[in-house]
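The values are calculated or read from the model by the stated rules, or taken from the named source; none is laboratory data. From a predicted model like this one, the values you see are computed outputs, not experimental measurements. FYI the Cβ positions are ideal-geometry reconstructions off the backbone, even for glycines, and counts take in every protein chain you see. Areas reflect the complete protein model, heavy atoms only, side chains present, ligands, DNA and RNA absent. Shrake-Rupley method; radii C 1.70, N 1.55, O 1.52, S 1.80 Å.
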Amino acid sequence: MQLFTPITLGDLALSNRVVMAPLTRMRAEANGVPNDLMVEHYRQRATTGLIVTEGTWTSPVSQAYPGQPGIFTAEQIAGWHRITDAVHAEGGVIVMQLMHGGRVTHSEITRGLTPVAPSAIAIDGETHTPLGKRAFPTPHALTTDEAAAIATELATAATNAIEAGFDGVEVHSANGYLLHEFLSPVSNVRTDVYGGSPAARARLGIESVTAVVKAIGAGRVGIRISPAHGIQDVIESDPDETRATYDALIDGIAPLGLAYLSVLHSDPAGELVQDLRARFGGPLMVNSGFGVITGRDEAMDTIANGTADVVAVGRQVIANPDLVARWRDDRELNEPNPNTFYGPGKVGYTDYPALAS
Ligand SMILES: Cc1cc2nc3c(=O)[nH]c(=O)nc-3n(C[C@H](O)[C@H](O)[C@H](O)COP(=O)(O)O)c2cc1C
């Protein structure tokens, strides 16, 4: 039952070890401002030990999905403040996932701006824009100066998040978005300081986390990675190469003393994740990915056997606003409905019932 006991991650004091995983739900206003529906959604889930918000865009070109919220404008900051106030009023702790979407977008989502990436390589596939399905475009390869500026952009976003009342931020370096694109030799074929070797590919991630820490302090900063996830054409198929790249990334950020390292990987107890944990030397959050939905037994075992310090839980938190109480008392669960994962509207978002008290 250790899953239900408190833990401290840096400056974040959690009442239990069930973390609401970052979950893109595409319910914000068209201008990226969080609305009443989002306030209610996050408020309902405040009994998880920590809420990590949906990936949130940090500049107009970084928006990956319609209805995705931002943390760039004064209105967005004010909108998020209503959410952090609601979560805090319920006794919850909440950090924002800062997400630069990189090439996983389209100019019809970024208000006409050309998507950016480490290299001018398009994803082989299609995305949904407000105007319909579109092939992923060939992105603009960031110049060296433009790449360096991403760290500043994320630091500004982190400052905005603190202004919006957040307890901290999580830097999104997973799942095929910009910082992950930099880590893979398939999506990053650069020959400047940001490409060409494992250390060079890890550089932007290190610079970004360092800048964010400088802006708001290490105790309220986490990072999410998904080594060898193989998603959105960010391929990491050579185990030695992958290992060297993530070793470089972790070696670069370990001295900062972050609140936590979050790893999405199908085998959290395996050598790769546990070696990265040892290198990192701080609290570990895990999630075993999209294959099998995280359940009570997996979450309890992960903590009980010492695989990780906290567990990120996605789809069961979507369907069960009071998941912690249900798991603790081994009660029945609502089933998540994938058809309503992505917006708009309250159905499948704020209408999953809590247990009658
Ligand atoms: C609807 C949906 C949206 C997601 N959005 C994000 C996101 O914004 N950022 C992120 O890092 N992961 C995202 N993920 C991945 C989840 O955080 C989590 O890793 C995944 O759902 C697997 O965990 P589970 O089995 O507990 O659901 C998303 C997953 C789902 C199902």
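Ranked by solvent-accessible area (1.4 Å probe, protein heavy atoms only, all chains present), the residues 330, 145 order from largest to smallest as 145, 330.
Given axes a ≥ b ≥ c from the Cα gyration tensor, I'd like to know whether the range 76-230 is rounded (a/c under 1.5), prolate (a/b larger than b/c) or oblate. Oblate is the answer for the range 76-230, as a/c is 1.5 or above yet b/c matches or exceeds a/b. Taken over the chain, the percentage of Cα pairs per 20 Å bin, counting from 0 up to the bin with the maximum distance, is 32, 61, 6. I need the shape label for the range 186-290. Rule: rounded when a/c is under 1.5, else prolate if a/b > b/c, else oblate, with a, b, c from the alpha carbon gyration tensor. Oblate shape, in that a/c is at least 1.5 and b/c is the bigger or equal ratio. Considering only 197, 219, 269, and ranking their Cα positions along the charge dipole of the range 19-288 that arises from unit charges at the beta-carbon of Lys, Arg, Asp and Glu, the one farthest toward the positive end is 219. Considering only 186, 209, 310, give the residue with the highest GNM mean-square fluctuation for the chain, with springs between Cα atoms whenever their separation is below 10 Å. Comparing 186, 209, 310 in the GNM, the peak value goes to 186. Rolling a 1.4 angstrom probe over the range 19-288 with all protein chains present gives an accessible area of which 54% lies on carbon and sulfur atoms. Quick one: longest stretch of the chain between exposed loop trypsin sites (Lys or Arg not before Pro), exposed meaning at most 16 other C-beta atoms within 10 Å and loop per DSSP? Between the exposed loop sites, the longest stretch runs 112-330.
The heavy atoms of residue 191 offer some 140 square angstrom of accessible surface to a 1.4 angstrom probe.
Per residue, how much accessible area does the chain show when a 1.4 Å probe rolls over the protein heavy atoms, in square angstrom? Working shown, then result.
Working: 13180 Å² over 357 residues.
Each residue of the chain exposes 37 Å² on average to a 1.4 Å probe.
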